[in-house]
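A short write-up of the structure that comes next.
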Amino acid sequence: MKIIFSRVQDAETHSKKWIVGYALLFWLTTKIIAILMVVACTIIYEKLGFPKAVLPVFGGVPTGFHTIGKLIFSLAAVALITPLIEEIVFRLGLSFKKWQVAASLACIPIFIAWSDIKSLSWIGGGICILLACAIYFVVDRFTTQEYLDKLKERGLIAAMWITSIAYGLVHLFDFSFFSWQMLPYMICMIATPFFCGCACAYLRVNLGFWWGFGLHIFGNLPGIGAILLMSM
């Protein structure tokens with residue numbers, strides 16, 4: 001299987017349907033591979049004496065939705081808000097346009113705050129917003145478009161890999177608990193968001209930001225379905 005980033009090309013070279021088709025094929029193939037990795041890893045852990053009950057739960061510990069408000073918020077978070085923030089942080093800057101790079105870096109504290117929104121205080125939220133504004137100002141003030149253009153020529157593929165790996169690793173914080181003993185299992189579990197991140201980066205670079213955002217939402221459909229099932 002070819003590495004997806006070896007196929008980075010302009011949309012003018014290949015039609016949109018082939019670019020989207022290649023991204024979807026990569027997403028589906030790697031989704032199956034990731035599932036097989038998790039199954040194999042789970043079997044190995046069970047053979048070593050670790051039952052499924054002791055494995056960390058991806059996405060934390062599920063809880064019920066006692067009000068329609070909580071249900072709507074959870075659906076909006078999984079279907080729109082979280083994908084949008086993550087795409088801005090991890091892939092908006094792949095255009096190497098100065099304002100988009102600045103916005104991408106500036107949204108990092110917003111992303112951190114959103115990840116812990118339930119325990120975030122008003123003061124903490126205000127600090128994150130001020131920090132975001134400061135980051136945007138520094139990047140916009142002290143970075144030139146010429147420098148970013150040269151950086152793009154030398155490091156676009158590397159940037160796609162780095163952001164995809166970072167996107168996968170950040171999902172380690174979505175587990176119910178962290179254990180070095182369970183790290184191989186957790187790595188197998190986050191293979192799915194990593195591969196999805198690769199496909200989103202490919203679409204973002206070739207077709208634009210909203211194409212990657214759309215694939216991100218598509219990849220979150222199982223989570224959306226799980227929330228709806230839990231609400232019944």
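Every read-out reported here was derived from the displayed coordinates using simple, explicitly stated rules and does not represent laboratory data. The shown structure was predicted, so the numbers you read here are calculated from the model rather than taken from an experiment. When we count neighbours, we look across all protein chains shown, and the Cβ atoms used for this are built from the backbone with ideal geometry, even at glycine.
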Requested in this report: Please compute the net charge surrounding A102, taking Lys and Arg as +1 and Asp and Glu as -1 over other residues with Cβ under 11 Å from its Cβ.
Outcome: +2
Requested in this report: Just need the relative contact order of the chain here, percent rounded to a whole number, with Cα pairs under 8 Å and 6+ apart.
Outcome: 34
Requested in this report: Send over the per residue convex hull volume for the chain, Cα only, as a whole number of Å³.
Outcome: 146
Report summary line: Per-residue ellipticity at 222 nm attributable to helices in the chain (runs of n ≥ 4 DSSP H, -39500 (n - 2.57) apiece, nearest 500 deg cm²/dmol) works out to -23000 deg cm²/dmol
Query raised in the report: For M182, M160, what's the fewest-to-most ordering of other Cβ within 10 Å of each Cβ?
Result: M182, M160
Report task. Kindly put F142, F58, F137 in sequence by how many other C-beta atoms sit within 10 Å of each C-beta, fewest to most. Result -> F142, F137, F58
Query - Ranked Y147, Y22, Y167, criterion: other C-beta atoms within 10 Å, fewest first - result: Y147, Y22, Y167
